[in-house]
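Taken together, the values in this text are just the output of simple stated rules run on the coordinates, not laboratory data. All values derive from a computational prediction rather than experimental measurement. Every residue, glycine among them, receives a Cβ derived from its backbone with ideal geometry; neighbour counts consider all protein chains shown.
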Amino acid sequence: MFSESLAWLIIALPVAAFLLNGTVVRAFIGTDTRVAGWVTISAVAGSFILSLFALASVASKGAAVHDPHNWLTVQGFDLTFGILLDQLTSIMFVVVSGVSLVVQFYSQQYMHGDKSYTRYYSYMALFTASMLGLVSARNVVQLFVFWELVGVSSYLLIGFWMERPSAAAAAKKAFLMTRFGDFGFLLGILYLYFVNPSYLDIPTLYEAVGAGAIAAGVATWISLGLFMGAIGKSAQFPLHSWLPDAMEGPTSVSALIHSATMVTAGVFLVARFFPLFHASNMMDLVVLIGGVTAVFAASMGLVANDIKRVLAYSTISQLGYMVMALGLGAYAPALFHLFTHAFFKAGLFLGSGSVHHASGTFNMKYMGGLRKNMPWTYWTMVIGSLSLAGIFPFSGFWSKDELLASAFERGSTIGWVALILGLTAALMTAFYMFRAIFLTFHGEYKGGAEAEAEDAKKNNLPMPVGLGHTHRQESPWVMVAPLVVLASLAIVIGFLVNPLFDLGPIKKHSFATFVTERNVNVFTGGHGEEAVDDGHAETSHLPDAVEAGAAPEFSLPTAVISTVLAVGGILLAYSMYITGSVSPAAMGRRLPTVHKLLFRKYYFDELYEDRLVIRVFYARVVRFFAWFDVSWIDNVNVQLSKLTANVGRGLANVQSGQTQTYAAIMAIGVVAALLALLVWGN
Amino acid sequence: MTLEHVLLVSGIIFAIGLYGVLSRRNTISLLMSLELMFNAVVIAAVAFSRFTPPAGLADGGIVTANEVRAALTGHVLAVFIIAVAAAESALALALIFALYRTKETVEITDVAEMRR
């Protein structure tokens, strides 16, 4: 049995690394010492090994719901903290610590020579610890605490190069927009508390939902609040616009927190409260938000020129897929996609970092022809892109296909809407990923950072920030090795983890079976004989939530259609950027409105920053409060002080300085006192 | 001669002194008037002491030490007042000198530096 203290240790190791780097290493060894990297890497490696043990323990012995510890007692209400180590948590443990480990290793080279190397590694350790704490929380409040810690550390990491105004602004934007969603999350928690304080404990909540103790209307409001938090954290429409800007952080940060871990926290939240969502009336809303986000973000990726922004839009789009799947009740496919996506997307981001290392820029207009210079980066990124596009047999194919199949299986209007949105996004994804690949690695080399700087000078544009040096060669092995690891995972993990048929010792749909087992253990307290055998969930012991969460049957039509669309997207990109038979410029001219709309990101930044913040918030709300502050709050003080001053000035006249006047007043006073004593005394 | 006669004299002297304090503008005269008020108080204190016999003596018993002390309180007070008045006069005269040196006046109404 995996003991509770070991589970705590998974979180505590990166915390220790954070403290060690932040205090001892920074103060006594140096602000740019390699020691910091070793400290964080060994701590995260420890967490990763323990996570594997945790996964093995859960796989063999079932979920472990450890007893809560009392943290606070307020007027008879006990706030508890504890570890909930179920299938969902154990998978998230492995994903988070695994991707984090690879990224930390890569960062040694990528961040080499940065003057704040130690600070980087302390923040990364803090981030990893927060995320690990988030996924293992047993209490909603505990989850929220780690949720906010994730927010803080992402703020610190996005704004890591805080001397760049754009990075500082991006960090602020990310923090405020996710906070906006967290506001809803907090309201959801409060409502849950008022329904019944004991429901803050997640296993208790599961039992209550399973027993039907929470009415659908109540569940809807709570889920809506929680979903707001998820929308903010996972950059779903309409709170998506912070994520592309968050690319201002170091690329390794983007790889860790804006592809594989932090942004999946929103998906995780929906998965964690899946029974509650399932009991509510808002599943269709979840589908719509996710589906719209998937298409909407993908369409912006079609025209972006910054390779990291393309990846950022694809992340939003893929998160949209996961959310959509959760809304459809496809619990296992959503988590499977989260799992596969984490690896290939981290690989793609790290690959873009490697490209930046060589060309000094992220702007694809100035790349090209890098295939010959950096074959390792090229091939790993191609594998990642094929996987993302959903091409057989890469991991993305399996998970994306399961998503689409579950939409197909669902039928009805919402299923068809989801299917169409999903297929549209799949087409766009294939196109923009291969547009990025072709622009970056094929064709003529267009000069890299130096050419970009020259162009900016020539056209009197502001100099782009973050330009590096150009040296067209493969990155060092410290950067390439993580790419190779992640690319190999992208090839094999899809069918190794969740095959369509029994693959030796690996059973058919083993991933789906594994994650849906969770509910068996949590609801009945037992495990083993009740576990579903193939993830298809015909068993009636399971609550509705699990029946809906099982893996769908492989559906050949959707697989064929999605593959055809993906190949079509790739061919379109090929004809546009390699053979030139379809001119992208001509297409942009033919559809100027569409191109502009996409290029300006649907004017969402203008809507939020100009319309909402400046014209409504500043001009109306803030101005009202400013007026109220000046003419009421301040004015009361001003008038009160004027009154005091006037009274004082009047009284001051009594003090004339004439001694005899004082004496006369005193004498009169004494006489008056004596007379009073005579008259009223006795 | 009874207590009332002496108190009457004391009261008259006090009133004259008070009148002087309130009406004279010359600081020296003011000081002299103040002395008159002091002396009125001294007379009253001694008179009370003189015309109030010790409690023990009145009922024909033994006079204790405490009763003697109580009977002498007025006299002691008189000695104190005289000493304090002498010290005050010296101080006040010094102040008047200083006043005259700086402002070339001894008129009390010309000195109003302490007003607000």
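Remarks
- Ascending count of other beta-carbon atoms within 10 Å, so fewest first, for A:HIS356, A:HIS509, A:HIS471, A:HIS66: A:HIS471, A:HIS66, A:HIS356, A:HIS509
- Taking N as its residue count, the alpha carbon Rg of chain A over 2.2 N^0.38 Å: 1.16
- Taking every alpha-carbon pair under 8 Å whose residues sit at least 6 apart, chain B reaches a relative contact order of 27 percent.
- From the C-alpha gyration tensor of segment B:3-110, square roots of 5λ in Å: 38, 16, 5
- Counting neighbouring beta carbons within 10 Å and listing from fewest to most, the residues A:LEU388, A:LEU370, A:LEU597, B:LEU95 come out as B:LEU95, A:LEU597, A:LEU370, A:LEU388.
- Ignoring lysines fewer than eight residues from A:LYS400 along the same chain, the ones with Cα atoms less than 16 angstrom from its Cα are A:LYS345.
- Ignoring lysines fewer than eight residues from A:LYS457 along the same chain, the ones with Cα atoms less than 24 angstrom from its Cα are A:LYS308, A:LYS365, A:LYS446.
- Options A:PHE349, A:VAL560, A:LEU370, ranked by Cα towards positive dipole end of chain A, top entry (Cβ charges): A:LEU370
- Order of B:ILE62, B:ILE16, A:ILE257 under a 10 Å beta carbon neighbour criterion, fewest first: B:ILE62, B:ILE16, A:ILE257
- For segment A:214-266, taking the reciprocal of the average inverse distance between every pair of different Cα atoms yields a Kirkwood hydrodynamic radius of 12.1 Å.
- Semi-axis lengths, Å, segment A:332-423, gyration tensor of Cα atoms, sqrt of 5 times eigenvalues: 33, 13, 10
- Gaussian network model of chain B, Cα within-10 Å springs - most flexible of B:GLY61, B:GLY74, B:GLY17: B:GLY61
- Spread of Cα-to-Cα distances over 10 Å intervals beginning at zero, given as percent, for segment A:605-680: 15, 17, 16, 14, 12, 9, 8, 7, 1
- Overall form of segment A:1-138 per C-alpha gyration tensor (a/c, 1.5; a/b vs b/c): oblate
- Normalised size of segment A:129-209, defined as Cα radius of gyration per 2.2 N^0.38 Å with N residues, equals 1.33.
- Rounded Å value of the spacing that divides the Cα centres of segment A:263-311 and segment B:12-49: 100
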